[in-house]
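Structure record follows, encoded as structure tokens.
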Amino acid sequence: MSVLTLGEALGVLHTGESIAHASHLRIGTGGSEANVAIGLARLGAPVAWLGRTGDDGLGRRVVRELRAEGVDVRAVVDPAAPTGLLLKETDGAGRTEVVYHRRGSAGGRLAPEDLAAADGVPVEHLHVTGITPALSASAAATVDAALDRWSGVPVSFDVNHRSRLWSGETAAPAYRALAARADVVFAGFDEALLLAPDAADPEDAARRIAALGPAEVVVKLGEDGALALVDGEVLRMPAVPVRVVDTVGAGDAFVAGWLAERVLGRPVEERLRTAVRAGAAACTHAGDWEGLPFRRDLEAPVALEPVRR
Ligand code: KDG
């Protein structure tokens, strides 16, 4: 049995300084759903990733990295478009800036017929994000088609709002529709407010989102940790303090941590603790997913006590 993640994988060029002055760029790969797949594989949960890549070096790199990390890659190769690219730089104040070169990319041309690439995958859980429906009408239709095709399995939806792809106003109805079809919703508090604009605080937002349908709503609160509302009960977990190099990918690591424990049948407290620890680990590396923990990395205990109420 396997988790299936669906979305666009990208090439990533990154530097710890301003791209205007950098003389070297490091090459890597990213894409939220691909990052989640790697996080799941590292934590021992069988996982497949489905998406389109170009017939180019970046596409082959994405596929190779995912396979090397133990992900069952279900890539549709599209000779008519390039693999998308993301540039990541750091400004003078230490903030990471992301610029996309993905308009017209192969990943954005994902289409419902591509789901045939998952034939034979014993899907036990489907993971989607709010990035894919922002890419194109056919990519949005593919998310819907995936929800129809695997309607009997649990679905997780990470809002992952990308303001460079669409406005909050345009995206909000799509997010609400996806949340209503999901069993698990992940959101930052700012993202949660797109689904529940009148919410007074993260707990209120989680309760309003749960009213749309999902039994599990998990709100990522950055340095304040996270809050999970599961079957009406709230659990909070503080953050793990780390030396932050780059926060890009931390949300994906968090999601992978929660989902890995969920599919392995572990209790809510363990899901939230692993999610918080995985998110912190991801912040200690410049790449999107290179810092994601393996199961053995979580063996050392940390003093992370949940708060119930
Ligand atoms: O979460 C990390 C992602 O943001 C990054 O890998 C690129 O998927 C990406 C996106 O669309 O922003």
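The set of residues from the stretch 216-238 being surrounded by fewer than 23 Cβ atoms within 10 Å (Cβ to Cβ), touching a residue at least 40 places away in the same chain (Cβ under 8 Å) and of a type in the set (Val, Ile, Thr) comprises just one member, Val234.
Applying the selection to the stretch 39-58, what residues are more than 30 Å from Glu299 (Cα to Cα) and either touching a helix residue (DSSP H, G or I) at 6+ places or on another chain (Cβ under 9 Å) or of a type in the set (Asp, Glu) (or both)? Outline the logic, then answer.
Filtering the stretch 39-58 down to residues more than 30 Å from Glu299 (Cα to Cα) leaves 50-58.
Of everything in the stretch 39-58, those that are more than 30 Å from Glu299 (Cα to Cα) and either touching a helix residue (DSSP H, G or I) at 6+ places or on another chain (Cβ under 9 Å) or of a type in the set (Asp, Glu) (or both) turn out to be Leu50, Gly51, Arg52, Thr53, Gly54, Asp55, Asp56.
Residues in the stretch 46-104 that are under 25 Å from Ala20 (Cβ atoms), of a type in the set (Val, Ile, Thr), within 14 Å of the ligand (Cβ to nearest atom) and not in a loop (DSSP other than H, G, I, E, B): Thr96, Val98, Val99. The number of residues in the stretch 86-107 that are surrounded by fewer than 20 Cβ atoms within 10 Å (Cβ to Cβ), under 19 Å from Asp288 (Cβ atoms) and of a type outside the set (A, V, I, L, M) comes to 8.
Pull up the stretch 1-35, narrow it to residues that are crowded, with 24+ Cβ neighbours inside 10 Å and in contact with a His (Cβ under 6 Å, 6 or more places away or on another chain), then point me to the one that is nearest to Leu110 (Cα to Cα). Please lay out each step first, then the result.
The first filter runs over the stretch 1-35 and keeps only residues crowded, with 24+ Cβ neighbours inside 10 Å, leaving 3-12, 29-35.
Of the ones still in play, those that are also in contact with a His (Cβ under 6 Å, 6 or more places away or on another chain) are 3, 5.
Details: Val3: 19, Thr5: 13 Å.
Top of the filtered list is Thr5.
Condition check for Val36 on (1) within 12 Å of the ligand (Cβ to nearest atom); (2) assigned to a strand (DSSP E or B): one failure, at (2). The combined condition, being more than 16 Å from the ligand (Cβ to nearest atom) and touching a Pro at 6+ places or on another chain (Cβ under 6 Å), is fulfilled by Val185.
Here Phe157 clears all of (1) surrounded by 18 or more Cβ atoms within 10 Å (Cβ to Cβ); (2) in a strand (DSSP E or B); (3) touching a residue at least 60 places away in the same chain (Cβ under 8 Å); (4) of a type in the set (A, V, I, L, M, F, W, C) except the condition numbered (3).
Checking the stated criteria, Ala199 turns out to be in a loop (DSSP other than H, G, I, E, B), at pLDDT 95 or above and within 30 Å of Ala180 (Cβ to Cβ).
The values are calculated or read from the model by the stated rules, or taken from the named source; none is laboratory data. Fair warning: this is a prediction, and the values are worked out from it, not measured in the lab. Every residue, glycine among them, receives a Cβ derived from its backbone with ideal geometry; neighbour counts consider all protein chains shown.
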